[in-house]
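Student: One structure is given below, represented as structure tokens, and several questions about it will come after.
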Amino acid sequence: MPSIPWLRASGLAVAVLCLPACDGASDTVELRFGINPETLTRPRTAKSSPARRTALDAEPVFPTFRSDDGIRFKVESALATLVDVRLELPSGRQCSDYEEQLAPLMTCTDAAEGQPGTLTVQGPIDVDWMKATTLPDWTLRLPRGTYRRIDARLGQNTPALPSFSLEASFTWEDQRNVLKLAFPSTAALRFEPRSPFDIDGASDDAIVVGGLDLDSWLDGVPVAGCLASGDLTLDGTTLRLETGKGACEGAAERVKHNIENSSKLLLASPR
């Protein structure tokens with residue numbers, strides 16, 4: 001299997017299949033969601049809880065992205081609600097082979113009448129991208145095999161809550177400020193590699209990372225220019241793109257669209 005390079009530190013990782021080294025799980029891989037390469041690849045310590053395989057040894061390095069005209073944003077918080085997370089069951093695999101290893105909130109349907117088998121995570125699930133944790137807090141396991149993509153949708157737990165929210169700090173005129181963005185959405189997310197890959201022969205510490213490309217988030221939004229011209233304004237130290245006008249009119253909707261269309265799937269290994 002060809003090596004797929006690790007996601008850039010500026011790329012938002014969305015779904016992670018972490019091949020476990022734990023006993024009794026060699027026929028499955030772990031499905032996780034995360035944003036930060038440091039979180040996803042840092043080795044676990046011996047003291048880490050087996051029930052929560054997300055413990056970190058130190059504070060992670062925050063991922064960053066840039067505006068069209070060079071302002072650097074450091075992601076400090078990113079949350080989302082996902083629904084209808086599903087994958088095609090690898091060819092030749094049957095649900096009965098893995099029913100003891102799949103989480104209670106995951107259902108499996110065998111192939112029938114020309115339709116592929118499917119694995120579905122019963123949602124909604126709340127994702128903390130920075131910590132690579134989800135609620136409900138179940139370890140999601142998938143059979144090893146060839147995967148073409150992960151499908152999901154953004155959703156809402158209640159109409160009052162956003163589907164996706166972001167806080168990212170940046171410096172403007174020597175002062176720390178925070179970009180805040182939140183929006184409802186039912187957009188479909190499709191995390192795909194450049195070509196299907198088989199994780200049957202991957203090492204125990206290999207990680208499949210579905211992600212969102214942070215580099216594309218502010219495409220078409222010249223934040224520095226708009227702040228200088230007054231087309232974007234700060235509310236104290238808070239920047240909200242919904243207030244954009246002139247060159248930044250519709251900036252919030254543009255960034256929402258960029259986020260919804262930035263998904264990808266990669267392979268990596270912990271250090």
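Student: Using amide H atoms built in the peptide plane, which far-off residues or other-chain residues are under 5 Å from Met130 H to H?
Tutor: Correct list: Ile35, Ala78.
Student: Mind checking which lysines have their Cα closer than 22 Å to the Cα of Lys180? Skip sequence neighbours fewer than 8 apart in that chain.
Tutor: Output for Lys180: Lys74, Lys131, Lys245, Lys256.
Student: Taking the Cβ-Cβ separation of Thr118 and Asp219 as r and a Förster radius of 35 Å, what is the calculated FRET efficiency to the nearest 0.05?
Tutor: It comes to 0.55.
Student: Additional query: Check Leu266: other-chain or 5+ apart residues with amide H under 5 Å from its amide H, H built from backbone geometry?
Tutor: HN-HN under 5 Å from Leu266: Val209, Gly210, Gly211.
Student: Tell me the label-point distance for the pair His257, Ser91, using the 7 Å Cα-to-Cβ offset, in nm and rounded to one decimal.
Tutor: 3.8
Student: Also, I was wondering about something else. Rounded to the nearest Å, what's the spacing between the alpha carbon centres of the stretch 227-265 and the stretch 96-131? Just the number, please.
Tutor: If we compute the Cα centre of each part, the gap is 36 Å.
Student: Moving on. Using 7 Å Cα-to-Cβ label points, what is the Gln101/Leu234 separation (nm, one decimal)?
Tutor: Output for this residue pair reads 5.2 nm.
Student: Each residue of the stretch 140-145 in order: what ³J(HN,Hα) in whole Hz does its phi give by Karplus 6.51 cos²θ - 1.76 cosθ + 1.60, θ = phi - 60°, with x for Gly and Pro?
Tutor: 9, 10, 10, x, 5, x
Student: For Asn157 and Glu249, FRET efficiency with R0 = 35 Å and r from the beta-carbon atoms, rounded to 0.05?
Tutor: The value I calculate is 0.65.
Student: Could you pull out every residue, at least 5 positions away or on a different chain, whose amide H is within less than 5 Å of the one on Leu31? Hs are placed 1.01 Å off N in the peptide plane, and Pro or chain starts have none.
Tutor: Answer set, sorted by chain and number: Cys18, Leu140, Arg141, Leu142.
Student: Classify the stretch 98-166 as rounded, prolate or oblate from the Cα gyration tensor: take a ≥ b ≥ c as the square roots of its eigenvalues, call it rounded if a/c is under 1.5, otherwise prolate when a/b beats b/c and oblate if not.
Tutor: It comes out prolate by the Cα gyration axes.
Student: Which order do peptides 168-181, 75-88 fall in by mean Cβ count within 10 Å, highest first?
Tutor: 75-88, 168-181
No value in this document is a laboratory result; all are computed from the given coordinates. Note that this is a predicted model, so its numbers are computed, not measured. As a convention, Cβ positions derive from the backbone with ideal geometry for all residues, glycine included, and neighbour counts pool all protein chains shown.
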